[in-house]
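Input: a single structure, listed below in structure tokens.
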Amino acid sequence: MVADANRDSLVLGLTVEQLEQRFGLLRTKETANDFQRSYQRDLPDDIRWLGDSNWVVIFSNGKVAKLDLMKG
């Protein structure tokens, strides 16, 4: 997704259920891996990580409002 100029359109406006159908495993703050946990203190509560990747989606009113890549 890094090189995809339209990557935001893949996730914006989707619900958790729709994201799971598209990407499979989603991690919450509680189920995040060690790398993901290192970024969580600066993120809002309603987030999901796309599996074990560095991509995080931020929710507002139950739908994805923002997609971010956390670089290590």
(message) Could you check the spin-label model distance between LEU12 and ARG37? Points 7 Å from the Cα along Cα→Cβ, value in nm.
(response) 3.3 nm
(message) Of the listed values (1) 1.48; (2) 1.01; (3) 1.43, identify the label whose number matches Cα Rg over 2.2 N^0.38 Å calculated from this model.
(response) (2)
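Take every Cα pair under 8 Å in the chain that's 6+ residues apart, average their separations, divide by the length, and report that relative contact order as a whole percent. Walk me through the numbers before you get to the answer.
Numbers: 91 pairs, mean separation 22.7, N = 72.
32 percent.
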(request) Would you kindly derive the ³J(HN,Hα) couplings of the range 51-66 from the backbone phi angles with the Karplus curve 6.51 cos²θ - 1.76 cosθ + 1.60 (θ = phi - 60°), listing them in order in whole Hz, with x for Gly and Pro? (result) x, 9, 7, 8, 8, 10, 10, 10, 9, 9, 6, x, 10, 5, 10, 7
(request) Tabulate in residue order the Karplus-calculated ³J(HN,Hα) for the range 34-41, using 6.51 cos²θ - 1.76 cosθ + 1.60 with θ = phi - 60°, rounded to whole Hz; enter x for Gly and Pro. (result) 4, 4, 4, 4, 5, 9, 5, 4
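What do you get for GluC sites (Glu not before Pro) in the chain restricted to DSSP loop and a cutoff of at most 14 other Cβ within 10 Å of the site's Cβ?
On the way: sites: GLU17, GLU20, GLU30; in loops: GLU30.
Within the chain, the qualifying GluC sites (Glu not before Pro) (loop, at most 14 other Cβ atoms within 10 Å) are GLU30.
Values in this text are rule-based calculations from the coordinates and carry no lab data. Bear in mind the structure is a predicted one, so any value in this text is a computation, not a measurement. Backbone-built Cβ (ideal geometry, glycine too); neighbour counts: all protein chains shown.
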